[in-house]
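Engineer: Quick one: structure below, then a few questions.
The values are calculated or read from the model by the stated rules, or taken from the named source; none is laboratory data. Predicted model only: the values in this text are computed from it and were never measured. Glycine gets a Cβ as well: all are built from the backbone with ideal geometry, and neighbour counts include every protein chain shown. Note: accessible area is taken over every heavy atom of the protein model, side chains too, but ligands, DNA and RNA are not part of it. Shrake-Rupley method; radii C 1.70, N 1.55, O 1.52, S 1.80 Å.
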Amino acid sequence: MDFTDQVAIVTGGASGMGAATVRELVAAGARVIIVDKNMVMATAFAEEIGAEVLIGDVSDSVFCDGVVDTAVAKYGRLDILINAAGIIARADALGTSDEQWQRVMNVNVSGVFYFSRAAVKVMKAQGKGAIVNFGSIWGGVGAAGVVAYCASKGAVHQLTRAMALDHVKDGIRINAVCPGEVNTPMLASERSEPVTGEMLQRIASTVPMQRLADPVEIARVVLFLASEDASYMTGAMVNVDAGYTAR
């Protein structure tokens with residue numbers, strides 16, 4: 001897939017699946033702006049691969065608008081938005097504080113909405129654009145012990161569908177990739193026990209393919225959805241889960 005001279009914003013682009021997506025986009029010729037809250041990690045990564053970086057919080061609508069404005073001011077357009085930023089709280093309802101609930105919703109849902117709203121304004125004027133949101137298999141089937149995360153990803157799926165219908169006549173395609181178990185920092189985060197090779201293998205054993213995904217395996221699907229090869233796709237939830245939800 002060729003993204004030569006296309007302009008892309010990738011939120012959460014300094015690590016995990018976001019970083020893998022940035023690498024693939026840059027390799028395919030895109031000009032990429034990484035959005036992340038981790039200044040040290042994001043700056044080092046951007047310098048390594050030749051991308052730009054803007055540091056801030058995706059739950060701040062003013063920041064989101066500013067990133068899109070910056071992209072347009074520098075490059076004159078915005079072709080692709082990848083909403084990869086996300087966080088998790090590993091707790092059931094009784095164990096989830098108000099602060100945890102609100103923070104997960106602010107980042108995982110509001111961040112997607114704010115950035116998508118800002119991008120759509122530009123893409124509508126262009127008559128063309130692609131947005132790929134990071135949903136999750138847990139936004140469709142649910143899971144125990146991650147109630148806020150599941151609810152947030154279900155909201156992302158519905159946001160994707162609704163916005164896809166709203167803007168299909170504007171030439172904007174909006175889809176979501178829904179990863180399964182992927183070997184990323186988020187997979188290891190917020191756990192009550194140390195993350196060991198044995199633990200990762202236990203998680204992998206719950207997957208029909210009996211292994212965790214590498215982030216690049218998700219990133220390549222993201223690039224497909226953002227490309228003209230997916231020109232007849234909008235409003236789709238694309239599971240990339242090694243058969244997890246096929247059961």
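Engineer: For segment 153-226, with equal point scatterers placed on the C-alpha atoms only and solvent neglected, what are the log10 I(q)/I(0) values from the Debye formula at q = 0.12, 0.15, 0.18 1/Å, to two decimals?
Structural biologist: -0.48, -0.67, -0.84
Engineer: Carbon and sulfur: what percent of the chain's accessible surface (1.4 Å probe)? Before the final figure, lay out the partial values.
Structural biologist: Values: 5950 of 11210 Å².
Accessible surface attributable to carbon and sulfur in the chain totals 53 percent.
Engineer: Treating cross-link reach as a plain straight distance, find the aspartates and glutamates whose alpha-carbon is under 18 Å from the alpha-carbon of Lys124, omitting any fewer than eight places away in the same chain.
Structural biologist: Of all the aspartates and glutamates, those that pass the test against Lys124 - Cα under 18 Å, at least 8 places apart if same chain - are Asp65, Asp69, Asp79, Asp166, Asp170, Glu228.
Engineer: Okay, moving on. What is the extension gain from Glu190 to Lys128, computed as 0.36 nm multiplied by their sequence separation minus the C-alpha to C-alpha distance, in nm to one decimal?
Structural biologist: Numbers: separation 62, 0.36 × 62 = 22.32 nm, distance 3.90 nm.
Working it through step by step, the gained length comes to 18.4 nm.
Engineer: Follow-up. On the Cα set of segment 93-218, report Rg and Dmax in Å, please.
Structural biologist: Spelled out, the Cα radius of gyration and Dmax of segment 93-218 are 16.7, 51 Å.
Engineer: In percent, how large is the relative contact order of segment 27-74, given Cα pairs closer than 8 Å and 6 or more residues apart?
Structural biologist: Relative contact order, segment 27-74: 33 percent.
Engineer: Quick check: net charge around Val141, other residues with Cβ under 12 Å of its Cβ, Lys/Arg +1 and Asp/Glu -1?
Structural biologist: Counting the neighbours of Val141, the net charge comes to +1.
Engineer: With +1 assigned to the C-beta of every Lys and Arg and -1 to the C-beta of every Asp and Glu, and no other charges, what is the dipole magnitude of the chain about the Cα centre in debye, to the nearest 20?
Structural biologist: Dipole size: approximately 520 debye.
Engineer: Applying 1/(1 + (r/R0)^6) with R0 = 22 Å to the Cβ-Cβ distance of Thr43 and Lys121, what FRET efficiency is obtained, to the nearest 0.05? Intermediate results must be reported in sequence, preceding the final value.
Structural biologist: Numbers: r = 28 Å, r/R0 = 1.28.
So the FRET efficiency works out to roughly 0.20.
Engineer: Continuing with the same structure: What is the packing order of peptides 43-54, 76-87, taking the mean over residues of other C-beta atoms within 10 Å and listing the highest first?
Structural biologist: 76-87, 43-54
Engineer: I need to check one value: relative contact order of segment 73-158, counting alpha carbon pairs closer than 8 Å and at least 6 residues apart, in percent.
Structural biologist: Across segment 73-158, relative contact order equals 44 percent.
Engineer: Using a Förster distance of 35 angstrom, determine the FRET efficiency expected from the C-beta separation of Ala27 and Thr206, and round it to 0.05.
Structural biologist: Working from the Cβ atoms, E equals 0.65.
Engineer: Quick one: of the DSSP bridges fully inside the chain, what percent are antiparallel, nearest 5? Mind showing how you got there, number by number?
Structural biologist: Details: 0 of 28 bridges.
Of all bridge pairs located within the chain, approximately 0 percent are antiparallel.
Engineer: Separate question: Would you list, by chain and number, the lysines whose Cα falls below 17 Å from the Cα of Lys128, excluding same-chain residues fewer than 8 positions away?
Structural biologist: Lys169
Engineer: Same structure again: Using the alpha-carbon centroid of each, what span in Å lies between segment 1-59 and segment 86-109?
Structural biologist: 25
Engineer: So, one more: May I ask you to give the solvent-accessible area per residue for segment 89-243, in square angstrom, as obtained with a 1.4 angstrom probe? Before the final figure, lay out the partial values.
Structural biologist: Working: 7290 Å² over 155 residues.
Result: 47 Å² of accessible area for each residue.
Engineer: Suppose R0 equals 22 Å. What FRET efficiency, 1/(1 + (r/R0)^6) with r the Cβ-Cβ distance, do Thr245 and Leu165 give to the nearest 0.05?
Structural biologist: Working from the Cβ atoms, E equals 0.40.
Engineer: In a shell of Cβ-Cβ distance under 9 Å around His167, excluding His167 itself, what net charge do Lys and Arg (+1) and Asp and Glu (-1) give? The partial results should precede the final answer.
Structural biologist: Working: positive: Lys124, Lys169, Arg173; negative: Asp166, Asp170.
In short, +1.
Engineer: Let me ask you something else. Among Met105, Ala91, Ala19, whose Cα lies farthest out toward the positive end of the dipole of the chain, if unit charges sit on the beta carbon of Lys, Arg (+1) and Asp, Glu (-1)?
Structural biologist: It is Met105.
Engineer: Could you grab the relative contact order for the chain? Cα pairs under 8 Å, six or more apart, rounded to a whole percent. The partial results should precede the final answer.
Structural biologist: Numbers: 495 pairs, mean separation 50.4, N = 247.
RCO, the chain: 20 percent.
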